[in-house]
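What follows is one structure encoded as structure tokens, with my remarks underneath.
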Amino acid sequence: MPAPKWASDLLAQVWAAEAGAKAPANPPTLNWRTRRQKQWWSGQRPRYSTGRANLFGITITAGTSRQDQRLVLLHEIAHGLRHAEVLAGNAAGRGAGGHDTRYWEIAWHLYRRYRGNVPLRSILLREQDYKVGALQVAATLNIPGARATVALRTKPKEGQMASTTTATKPVATKPDVPAGYKLCPGIPGMGEAAHVAPLSDFAPNKAYPGGIYRQCRTHDAQYQKAWREKRKAAAQAEAGTEPAAGTPVQKRAAAVRNTKPAPEPEPEIVGETPAATAKRAATVARIEAVGPATPDGQALMKAAADEAAEARRAAWRASKAAQRAAAKAKAQA
């Protein structure tokens with residue numbers, strides 16, 4: 001379908017003002033589609049848009065939100081300008097692409113100049129959930145709310161101390177592997193270091209590169225034995241039976257009983273309403289106003305993190321309930 005007039009005009013305006021002298025004179029071709037498939041959980045058309053772009057064409061699959069259509073179009077125009085830089089051989093763009101730092105600099109420049117009446121905070125919330133690089137570059141460009149969001153995300157977990165220095169991890173170097181040999185990773189969790197062994201020490205397995213297993217036979221047998229003992233100890237501990245005294249299985253069973261169960265992983269965010277998005281933006285604004293490092297800022301950050309975790313759990317439970325209801329209705333049909 002033809003693109004809306006406002007979209008074509010915006011593309012022509014941005015390309016004429018922002019494209020360099022070595023870029024193509026004509027902007028990329030704009031292809032416009034509509035997301036017509038309804039969401040199964042709401043029965044409504046999707047609100048958000050998607051897009052793809054290169055130097056010669058931009059394709060927008062539009063949702064119902066006019067503001068989001070504009071943001072996605074600017075996002076894809078930034079891709080086109082980035083490709084134009086690479087094609088022109090500029091020093092800042094040679095050999096780069098994708099969502100790199102230079103791309104986000106272009107994107108935030110376009111958002112600032114051509115976003116219309118969309119607040120920068122809303123754009124930040126939209127982009128930071130897509131790529132982390134958007135938030136990092138936004139913080140360096142002093143986008144409102146970016147630095148407070150970075151501080152909120154990098155807040156140390158309970159029981160951990162905040163590091164005042166940046167620790168550099170040692171770079172692991174792989175040993176030289178001569179012909180006829182293979183590197184066995186060992187068993188890091190059991191203190192068995194990696195080593196180089198002949199190919200005859202590895203069991204054949206077509207599921208792995210080269211048709212041989214990744215561990216040597218000795219380490220594989222050791223790992224499998226420890227795994228079986230762990231399973232057996234866990235089963236006996238759950239059944240309330242004690243293994244033979246003085247055996248490794250007994251020790252592992254005691255360790256299982258004395259170990260606290262691991263916390264359940266946080267459920268993924270199923271969706272976020274516009275009201276929740278506005279509330280999250282307001283929370284970030286309050287944190288930025290009082291300062292993330294102040295006691296009030298720390299209290300706001302903790303309350304926001306707890307509230308967000310509870311919202312994710314509620315959304316996850318609602319999604320599962322909707323899935324079960326849909327499956328039940330389908331079975332009864």
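Phi angles across region 131-136 convert, under the Karplus curve 6.51 cos²θ - 1.76 cosθ + 1.60 with θ = phi - 60°, into 3J(HN,Hα) values of 9, 5, x, 4, 5, 5 Hz, Gly and Pro given as x.
A cut-off of 5 Å between modelled amide H atoms, ignoring neighbours fewer than 5 places along the same chain, links Lys182 with Ala197, Leu199. What the phi angles of region 27-39 give under the Karplus curve with 6.51, -1.76 and 1.60, with θ = phi - 60°, is a coupling list of x, x, 5, 9, 9, 10, 10, 10, 7, 9, 6, 7, 6 Hz, glycine and proline written as x. Close amide H contacts of Ile212 (hydrogens built in the peptide plane, cut-off under 5 Å, sequence separation of 5 or more or a different chain): Asn205.
Taken one residue at a time, the phi angles of region 214-229 give Karplus couplings (6.51, -1.76, 1.60, θ = phi - 60°) of 6, 9, 5, 4, 5, 5, 5, 5, 5, 5, 5, 5, 5, 5, 5, 5 Hz. Gly and Pro are set to x. Exposure proxy shown here: for Glu76, Glu238, the number of other Cβ atoms within 10 Å sets the order, fewest to most, as Glu238, Glu76. List the pairs from Lys38/Lys320; Lys182/Lys230; Lys38/Lys302; Lys182/Lys206 whose alpha-carbon separation is above 25 Å, in the order I gave them. In this structure, Lys182/Lys230; Lys38/Lys302 exceed 25 Å between Cα atoms. Can you tell me how region 5-118 classifies by the Cα gyration tensor, rounded, prolate or oblate, using a/c under 1.5 as the rounded cut? Since a/c reaches 1.5 and a/b is larger than b/c, the shape of region 5-118 is classed as prolate. Amide H contacts of Ile187: Glu192, Ala193, each under 5 Å away and 5 or more positions distant or on a separate chain (H built 1.01 Å from N in the peptide plane; Pro and chain starts excluded).
In what sequence do Trp227, Trp32 fall when counting other Cβ within 10 Å, fewest first?
Working: Trp227 10, Trp32 17.
So the residues, fewest neighbours to most, are Trp227, Trp32.
Arrange Ser42, Ser8 by Cβ neighbour counts within 10 Å, fewest through most, would you? All intermediate terms of the calculation are to be shown ahead of the outcome.
Values: Ser42 11, Ser8 15.
Lowest count first: Ser42, Ser8.
Note on region 5-118: dipole from Cβ charges, positive end direction compared against Trp104, Val86, Ala62; the farthest Cα belongs to Ala62.
Among rounded, prolate and oblate, which fits region 28-73 when a ≥ b ≥ c are the square roots of the eigenvalues of its C-alpha gyration tensor, a/c under 1.5 means rounded, and a/b larger than b/c means prolate?
Prolate shape, in that a/c is at least 1.5 and a/b is the bigger ratio.
Among the DSSP beta bridges whose two residues both lie in region 5-118, what percent are antiparallel, rounded to the nearest 5?
Numbers: 4 of 10 bridges.
Close to 40 percent.
Read the figures in this text as sums done on the coordinates, not as results from a lab. Note that the structure is predicted; figures quoted are calculated from it, not measured. Note that each Cβ is placed from the backbone with ideal geometry, even for glycine, and that neighbours are counted across all protein chains shown.
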